[in-house]
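Just below is one structure, and these are the notes that go with it.
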Amino acid sequence: MANESIIQVDHLTKMFKKFTAVDDISFDVKKGEIFGLLGPNGAGKSTTLRMLSTLSRPTKGTATIGGFDTVKNDTEVRKLIGIVSEKMIIYNRLTAKENLSFFGSLFNIPKDTLNKRIDDLLELVQLTKFKDAQVGTFSTGMRQRMNVVRALLNMPQVLFLDEPTLGLDPQSSVEIREFVRKLNQEQGTTVIITTHMMLDADLLCDRIAIIDHGKIIALDTSTNLKKIISGGDTMIIKLEIANLTPTMVATVKALSCADAVTQENSTTLHVIVHGEEAFDSIIDSIRKTNGKITSMANLQPSLEDVFLHITGHEVRDSADQKIKQEHGPGKRFGAAPSRVR
Amino acid sequence: MTVQTILQHSFRIAQKDLTELFRNRLGLVLLIVMPLFMMIMVGFIYPSNGTITGLQVGVVNEDQGYNGNTNASLSFLMGLQGINNQTHMLVMTNVSSLADLKDQVQRGAIEGGIMIPANFSQSLMSGQQGTIIIVSDESNPQISATIKGALTGVFNVMSQQLAIHNVRPLNATNSLAVVQPYSIQSQGVVNGNPSYFDFIAPGIMAMTVMMSVMTGLPVAISQEKEVGTMDGMMVAPVNRLSILLGKTIAQTGRGLIQGVIILALAIGIFGVAIQGSILLVFALLLLGVFSFVGLGIVVTSFTKDQETAQMLMMTLMFPMMFLGGVFFPIQQMPWYMQDISKFLPLTYASSALRKVMVLGAGIPQISTELIVLIVFGVVMIAIALPVFKRMMIR
Ligand SMILES: Nc1ncnc2c1ncn2[C@@H]1O[C@H](COP(=O)(O)OP(=O)(O)OP(=O)(O)O)[C@@H](O)[C@H]1O
Ligand SMILES: [Mg+2]
C-alpha cells in the first residue's frame, strides 16, 4: 500500500475578493510521505494548508483527505488531521497540562486515555518537568514543542506544519525537524510542511512542490529538482571580483545567458547561466568593465538555485524580511517586481 | 453530533475561558474596581438634597432693632442655627456688609449668603412682613437652588412659629390649622426612604451584566481569532455552536460576578435594601443577558479584529447607557429619546430590576418587561445564528 495516496488535491483555488491567492493547484500526497510546500512570502502556502485542514473554504476545486471531502465531510477530516499553524495555538495563561487536556477534550478522547497520552507526549518533548507551569513562562522553543505535541493529541494520520521552525534558533529548529522525522518513521504519519527555508525542505521532504504566485511551478524529489539544473546545460558559477561595481552586476545581468544573478557580498557574485558560451561571455563582460576576477567556481546546485532558475527571483528576498517584520496574515514583502495583484 | 457533546464541549470552552480570566490578576481587579467606581461616581456626584452638607454661607445682620431691641433678627438667626445643627447643611460666618457678601460670593470664598435688612425688627413689630434677602451664586444653579431651598425651609418653619404665636390670642383650638389649613403627607409604596442609590443600583447592575456579555463576546472571539488559538478549536471536531455557547457561558459568568459585586457594594456600602426576591433579581439578570447575546453575536460576526469590536461596542453602549434609564429617569427625557429608549432591552431590564429591588415587585408586576426581553432575545438570536455560521466558514 506504499503508493496509496492519502490526500488528493484537485484544481484547488482560493480567491480573496478579486485576488487569487491559490491558483488552480492539483497534487496528490502519498501515505507516509513528508511533502513540502516551498515558496516565498505570499506564495499561497498557508492558504493552501488552511483549505486542506478545513479552516478555509476553497473558492473552486476540491480536496480529499483519507477519502473525505474537506468541505462536505469536514468533521471526518478533522478527526484525521492535526495542524501546527503559523500562529501558536497555545493559551499562555494555562499550564502545559491544562492546554493539552483542553484541546484533547475537544476530540472526545476518554479521560484516562487522554491523561496517559498527555504524559507520554510531554515526555517525548522533554516538558514533563514543566507540565504544571503556565505556558506563557516558556521559551519560544519550548512553546513550539508544546504547540507541535498539541497537534498530535488525536494521533492524526496527517500532520500539517506551517513554517514550524520560523523564529526558532538553529538548535530548536533541529529538534523540531528530528521530531517530525521520527514521528514520520515510527508512526507512519503523513506530513505536509510549508517552508521558505531551503534547508528544511531539502533535509526533511520526500517530495517538494515549489509554489509561487499561488501556482505550483515544480513538483518532485529534491534530487530530481536539482537535476533540472545539473542535468541540462545550466551551471552555477560563483565569482570573486575584487573591484566589483554595480555597473558590472548590471552588465552580467544583461547577458542573455544569465538566468539569475545575485550579489552575495561586496566581492561575490552568484550566477546561474546556461549555454556553452556562458563562461566565455561572463568573463568577457567583466573584463570589459575592468573587473579583476580573483576566483571562479562551478557549484553544485542547491534547492535555492532551482528556485531561482525556475522563478527568476530569490526566495530569500522576501524571507529575510519576513523574520524582521514578524509574521501576520501575509502581506507580501519585497515581492518579485513582476507580481501583479 | 449529539446535543450532549455540544454541551460538553461548550462547558469545556467556558471552563477554559474562566480559568484564563481568573489567572489574569489585573483584569480581575478591574472587574471589581469598574463597578465600584461607577457606583461611587454616579451615586455621590448626582445632586440630591439629602447629601449636600457644609455649604459656606455668609450672614450679614444690619438690623437696627425696634426701640433698641433686636430680638427678632437674633431669634431668627438662633432658629436657623438650631435647624442647621441637625442638618449640617450650612457653615455660617459673619460678614460686615451686603457689598462684602457679594464680593465674597463672586470670589468664590463662600457659596451664598443671607442678609437681614436694617428695618427687619421694626417691620415685624409694626405688623408688617419681615424681609430677608438671600444672595446666591447664580453661576452654579445646583448649589444656588439648594441654598434657596434650605433657607426657604427654615423661613417657613420660623414664620409658621411666629404666625402661631400671633394668632394665639384668637383663641383657636389649633392655631396651626388657622395658619396653614392644609397639610400634605406623602406615602411611598414601600417603607423607608429610597435614596438615589436605590434608583441607580438596579440599573447599573442590569447594564454591567448585559454589557459585559455584549462587549465580552465579540472581544473574546475576535481575540482568539487574532491570536490564532481559534484555529485550534475550529480544527477539532467541534460544532461551531459549542464555541459560541461556551464563550457565552463564560461571559455570562463574568457578568454575573460583576453583578454580584455591585449588589454587595450597593447593600454593604451604599445602604441599598432589596425589597423583592433575590432569586428573581438573578433570573432577571440572566434574562437580560439572554436578550443581549444575539446582538453580541451579530457584532462579533461583523468585526474582523478586537479593536474594531471594542470601538463598535463602545459606540453602541454609550447611548444605551443614557437612554436605558439607568442614570436618569426616562420620563425626564424629550419625547424622541423616550421613543428610542422603548427599543432598548436595557430599558426593560433595568426597569424590571428596579421594580423588584426597590418596590418589591413579583413576576406579575413585571410581566410586560419579561415578555419584551424574551421576545427581543429570541428575535436577535434567530437573526444572529445564520450570520455567525456564515462568518465562521468564510
Ligand atoms: N484572509 C485573507 N484576506 C485577504 N487576503 C489574504 C488573506 N489571507 C491571505 N491573503 C493573501 O493571500 C496571499 C497568500 O497568502 P499566504 O498566507 O497563503 O502566503 P504564504 O505562502 O503562507 O506566505 P508566508 O510565507 O508569508 O506565510 C497573500 O498575498 C496574502 O496577502
Ligand atoms: Mg504562510
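The values are calculated or read from the model by the stated rules, or taken from the named source; none is laboratory data. Quantities reported herein were computed from a predicted structural model and do not represent experimental measurements. Don't worry about glycine lacking a Cβ; one is built from the backbone with ideal geometry, like all the others, and counts go over all protein chains shown. Note: accessible area is taken over every heavy atom of the protein model, side chains too, but ligands, DNA and RNA are not part of it. Shrake-Rupley method; radii C 1.70, N 1.55, O 1.52, S 1.80 Å.
I need the calculated FRET efficiency for the pair B:LEU170 and B:LYS342, taking r as the beta carbon distance and R₀ as 41 Å, to the nearest 0.05.
So, using R0 = 41 Å, E works out to roughly 0.10.
Once ligands and nucleic acids are excluded and a 1.4 Å probe is used, how much of A:TYR91 is accessible, expressed in Å² to the nearest 10?
10
Can you give me the orientation-averaged projected area of the convex hull built on the Cα atoms of segment B:267-375, in nm²?
The orientation-averaged projected area of the Cα hull of segment B:267-375 comes to 8.2 nm².
Specify, per residue and in Å³, the volume enclosed by the convex hull of the alpha carbon atoms belonging to segment B:55-179.
Enclosed volume per residue, from the Cα hull, is 110 Å³.
How tilted is helix B:98-107 with respect to the longest principal axis of chain B? Cα atoms for both, answer in degrees (0 to 90, nearest 10).
Helix B:98-107 sits roughly 20 degrees off the main axis of chain B.
Would you mind computing, in nm to one decimal, how far apart the modelled labels at B:VAL33 and B:ALA109 are, each placed 7 Å from Cα along Cα→Cβ?
About 4.1 nm, to one decimal.
Straight-line reach from A:LYS129: which lysines have Cα under 27 Å away, leaving out those fewer than 8 places along the same chain?
Once the sequence-local lysines are set aside, what remains near A:LYS129 is A:LYS87, A:LYS97, A:LYS111, A:LYS116, A:LYS182, B:LYS16.
Normalising by the residue count of chain B, find the relative contact order in percent from Cα pairs under 8 Å and 6+ residues apart.
Working: 508 pairs, mean separation 74.6, N = 394.
It comes to 19 percent, rounded to a whole number.
In nanometres, what is the gap between the two model label sites at A:THR62 and B:ILE371, each 7 Å from Cα along Cα-to-Cβ?
5.3
By accessible area of protein heavy atoms, probe 1.4 Å, what ranking do B:SER175, A:SER26 get, highest first?
I get A:SER26, B:SER175, largest accessible area first.
How big a patch of accessible area, both sides summed and in Å² to the nearest 100, lies buried between B and A at a 1.4 Å probe?
2500
Over the Cα atoms, compute the radius of gyration (one decimal) and Dmax (the largest Cα-Cα distance, rounded to a whole number) for segment A:97-220, in Å.
15.6, 47
In whole Å, how far is the Cα centre of segment B:345-394 from that of segment A:284-312?
Value for the Cα centre distance between the two parts: 73 Å.
Cα convex hull of segment A:28-169: how many Å³ per residue?
Measuring per residue, one finds 128 Å³ for the Cα hull of segment A:28-169.
Rounded to whole Å and sorted largest first, list the principal axis extents of the Cα atoms in the protein assembly as shown.
Dimensions of the protein assembly as shown along the principal axes of its Cα atoms: 138, 69, 50 Å.
Along each principal axis of its Cα atoms, how long is segment A:1-112 end to end? Whole angstroms, biggest number first, please.
Cα extents, longest axis first: 43, 36, 26 Å.
Would you give the gap between the C-alpha center of segment A:212-246 and the C-alpha center of segment A:46-122, rounded to a whole Å?
Rounded to whole Å, the Cα centres lie 37 Å apart.
For a paramagnetic label modelled at 7 Å from the Cα of A:ALA242 toward its Cβ, which residues of segment A:280-306 fall within the zone defined by backbone nitrogen distances under 20 Å?
Output list for this probe position: A:283-297.
Given a 10 angstrom Cα cut-off, can you work out which residue in B:LEU344, B:LEU74, B:LEU245 is the most mobile in a GNM of chain B?
In this elastic network of chain B, the residue with the biggest mean-square fluctuation among B:LEU344, B:LEU74, B:LEU245 is B:LEU74.
Quick check on my link table: of A:LYS79/B:LYS304; A:LYS17/B:LYS389; A:LYS14/A:LYS215, which ones sit more than 23 Å apart, alpha carbon to alpha carbon?
With Cα atoms farther than 23 Å apart: A:LYS79/B:LYS304.
Of the heavy-atom accessible surface of the protein assembly as shown (probe 1.4 angstrom), what whole percent is carbon and sulfur?
Result for the protein assembly as shown: 57 percent of the exposed heavy-atom area is carbon or sulfur.
Write down Rg/Rh for chain B, rounded to two decimals, with Rg from the C-alpha atoms and Rh from the Kirkwood relation over Cα pairs.
1.17
Tell me the angle of helix B:278-302 to the major Cα principal axis of chain B, expressed in degrees between 0 and 90 and rounded to the nearest ten.
Helix B:278-302 sits at roughly 60 degrees to that axis.
In the P(r) worked out for chain A, what percent of Cα pairs fall beyond 36 Å?
Considering chain A, 28 percent of its Cα-Cα pairs are separated by more than 36 Å.
Over the alpha-carbon set of segment A:168-207, work out the extent along each principal axis and list the three values in angstrom, largest first.
Over segment A:168-207, Cα extents along the principal axes are 27, 20, 13 Å.
What FRET efficiency would be calculated for the residue pair B:ARG390, B:TRP335, taking the C-beta separation as r and a Förster radius of 51 Å, to the nearest 0.05?
Numbers: r = 39 Å, r/R0 = 0.76.
With R0 = 51 Å, the Cβ-Cβ based efficiency is 0.85.
Mind checking the log10 I(q)/I(0) for segment B:308-354 at q = 0.26 Å⁻¹? Debye, one equal scatterer per Cα, no solvent, two decimals.
The calculated log intensity ratios at q = 0.26 Å⁻¹ are -0.91.
For the protein assembly as shown, what is the accessible area per residue in Å², given a 1.4 Å probe and the full set of protein chains? Mind dumping the intermediate values first?
On the way: 36010 Å² over 735 residues.
Computed with neighbouring chains in place, this is 49 Å² per residue.
Put B:THR347, A:THR62 in order of accessible area, largest first, 1.4 Å probe: what do you get?
Of B:THR347, A:THR62, the descending order of accessible area is A:THR62, B:THR347.
What residues of segment B:10-38 lose no less than 10 Å² of accessible area with every protein chain in place versus their chain by itself (probe 1.4 Å, heavy atoms only)?
Listed by number, the residues meeting the 10 Å² cut-off are B:ARG12, B:ILE13, B:LYS16, B:THR19, B:GLU20, B:ARG23, B:ASN24.
Per-residue Cβ counts within 10 Å, from other chains only, averaged over B:235-245: what number is that?
5
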